[in-house]
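Engineer: Take a look at the following structure, please.
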Amino acid sequence: METRRDSIVIVGQESWLNETSVDFSKFERTHVTLASPNYRPPASQAYLNFRRKYILKHGTLPVEYASIGYEFVLIFGQILAKYGANFTQTIPPGTFTPGSLTSGYQWQDNHDQWPGSIHYL
């Protein structure tokens, strides 16, 4: 693509960032776009606060699962506070709960044994 100067758009997944054999400057030169559902703006005040508190408590930088779990518990707490313990019967389908580290989660109906699920947006 670099040689031919094509103008196509390349959309990749965030796991490409874990590939150690790739020169990341190629991503920049070719304007590769990465889809990342787990993206958190690293300079956001909410993330900086979370990170500081995590380091103070655990003495190490938070791994990705720590921030995802932290965010999920905060959002789930908001859902429980607003809709109660039986939220699966009272929460309207499509309800969006904004997050602090991420854009948030959305409740969607399921057509299986579970009454619904929470989808990360």
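The values are calculated or read from the model by the stated rules, or taken from the named source; none is laboratory data. Model, not experiment: these values are computed from the prediction. All Cβ positions, even for glycine, are placed from backbone atoms using ideal geometry, and neighbour counts span all protein chains on display.
For every residue, the table says whether it meets (1) touching a residue at least 12 places away in the same chain (Cβ under 8 Å); (2) touching a strand residue (DSSP E or B) at 6+ places or on another chain (Cβ under 9 Å); (3) not assigned by TED's automatic domain parsing to the domain that holds Ser15.
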site	(1), (2), (3)
Phe50	yes, no, yes
His58	no, no, yes
Tyr65	no, no, yes
Ile79	yes, yes, yes
Asn86	no, no, yes
Thr95	yes, yes, yes
Ser103	yes, yes, yes
Gln108	yes, yes, yes
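Engineer: Out of the range 17-71, which residues are under 13 Å from Thr102 (Cβ atoms) and either of a type in the set (Val, Ile, Thr) or modelled with pLDDT of 75 or more (or both)?
Structural biologist: Correct list: Ser44, Ala46, Tyr47, Phe50, Glu64, Ser67, Ile68, Gly69, Tyr70, Glu71.
Engineer: Right, another one. Which count do you get for residues in the range 49-91 that are of a type in the set (Gly, Ala, Ser) and under 15 Å from Tyr105 (Cα atoms)?
Structural biologist: Qualifying residue count for the region: 3.
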